[in-house]
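The values are calculated or read from the model by the stated rules, or taken from the named source; none is laboratory data. None of the values given here were measured: they were computed from a predicted structure. No Cβ is skipped: glycine too gets one built from the backbone with ideal geometry, and neighbour counts run over all protein chains shown.
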């Protein structure tokens, strides 16, 4: 395994720890590592005990030891997401995020990939949304609301 792969593997471990941590007396997310089974998704993260039944979000993890650029609100973790990966992530039919992981400091930041995300290379993850307890609770609520609003039940089936 080369150095880049070690950094990537370490970042995935840090992400799973951060998103799976206990906050406000409970666990909120159950991260499942996809181990290369998907081109762009590294994790399928399930909400624990959502009212809507089943709810998930998709995450691509980008890991680095390269540090940060900028200061204040313009501070970004030095990672890149290719234009092709952004386009693929935008086709997913669930809430989708990129997690930038600083493997040295063992911290991470989330960036949502939405329909308005520009179709271009992302050249850094803003440090505005650290993966901490405040974000975890807020994210859980946002993802549950997304799934509550969708009617995913089949109306018909040839097997009926």
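Observations
- Every test in (1) surrounded by fewer than 12 Cβ atoms within 10 Å (Cβ to Cβ); (2) within 26 Å of residue 147 (Cβ to Cβ); (3) modelled with pLDDT of 95 or more is passed by residue 71 save one, and that test is (2).
- When the test is whether a residue is assigned to a helix (DSSP H, G or I) and closer than 18 Å to residue 12 by Cβ, residue 110 does not pass it.
Table: residues versus (1) within 11 Å of the chain's Cα centre (by Cα); (2) in contact (Cβ under 8 Å) with a residue 40 or more places away in the chain; (3) closer than 26 Å to residue 141 by Cβ.
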{"residue": "23", "(1), (2), (3)": "no, yes, yes"}
{"residue": "28", "(1), (2), (3)": "no, yes, yes"}
{"residue": "34", "(1), (2), (3)": "no, no, yes"}
{"residue": "39", "(1), (2), (3)": "no, yes, no"}
{"residue": "63", "(1), (2), (3)": "no, yes, no"}
{"residue": "88", "(1), (2), (3)": "no, yes, no"}
{"residue": "95", "(1), (2), (3)": "yes, yes, yes"}
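- Filtered by the rule that a residue be assigned to a loop (DSSP other than H, G, I, E, B) and surrounded by fewer than 21 Cβ atoms within 10 Å (Cβ to Cβ), the stretch 4-38 gives 20, 21, 24, 25, 34, 35, 36, 37, 38.
- For residue 41, the criteria (1) part of a loop (DSSP other than H, G, I, E, B); (2) at pLDDT 95 or above; (3) under 17 Å from residue 14 (Cα atoms) hold in every case but one, which is (2).
- Test: residue in the stretch 111-119 that is free of Cβ contacts under 8 Å to residues at least 24 places away in the same chain and surrounded by 13 or more Cβ atoms within 10 Å (Cβ to Cβ): yes
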